[in-house]
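The values are calculated or read from the model by the stated rules, or taken from the named source; none is laboratory data. In this text the structure is predicted, and so the values were computed from the model without any measurement. Ideal geometry is used to build each Cβ from the backbone, glycine not excepted, and the neighbour counts take in all protein chains shown.
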Amino acid sequence: MRLEAVFAKAPRPNAAFVALLYLMLGLADLGFSLLAFRLGVVEANPLLAWMETRGLFIPAKLVLTGVAAALIAVLYSRNRVRPVCWVAVALMAVVDAYHVLGLSAQAGR
């Protein structure tokens, strides 16, 4: 069987799946960030760091994550936008992996 035939029969993720995946990764990022704050780590994003000083970090993070997930859900059906959606998911996964590595290093001290 040719490789193209295998991929042609493979199920393709729909917009809801990709949006939910992004949402879960974004919520994990929020949780990891809050845990890092408790360990004395400061926010690297200047805008979110400013919002943290004003008690707006959690609402801002929830709104930004929700808006991004909603945009993915709405725009994913357009073939030209799909790669951008997957890049957003991949970047959020990298951010979460970075948090896990950083928190592991902090815990080892």
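Residue check: Leu20 meets all listed conditions (1) within 16 Å of Val95 (Cα to Cα); (2) touching a residue at least 40 places away in the same chain (Cβ under 8 Å); (3) within 16 Å of the chain's Cα centre (by Cα) but one, namely (1).
In segment 98-109, the residues that are touching a residue at least 12 places away in the same chain (Cβ under 8 Å) reach residues that are among the β-branched types (Val, Ile, Thr) and surrounded by 13 or more Cβ atoms within 10 Å (Cβ to Cβ) with C-beta atoms within less than 9 angstrom, at least six apart or across chains, in these pairs: Gly102/Val41; Leu103/Val41; Gln106/Val41. Among the residues of segment 63-75, some residue qualifies, meaning at least one is polar (S, T, N, Q) and either without any contact (Cβ under 8 Å) to a residue 40 or more places away in the chain or surrounded by 15 or more Cβ atoms within 10 Å (Cβ to Cβ) (or both).
Regarding segment 47-55, can at least one residue be identified that is touching a Leu at 6+ places or on another chain (Cβ under 9 Å), at pLDDT below 95 and part of a loop (DSSP other than H, G, I, E, B)? Looking for residues that are touching a Leu at 6+ places or on another chain (Cβ under 9 Å), at pLDDT below 95 and part of a loop (DSSP other than H, G, I, E, B), one finds none in segment 47-55, hence no.
Checking each residue in segment 76-109 for being surrounded by 13 or more Cβ atoms within 10 Å (Cβ to Cβ) and not in a helix (DSSP H, G or I) picks out Tyr76, Val81. If you go through segment 31-46 and pick out every residue that is within 15 Å of Tyr98 (Cα to Cα) and assigned to a loop (DSSP other than H, G, I, E, B), you end up with 5.
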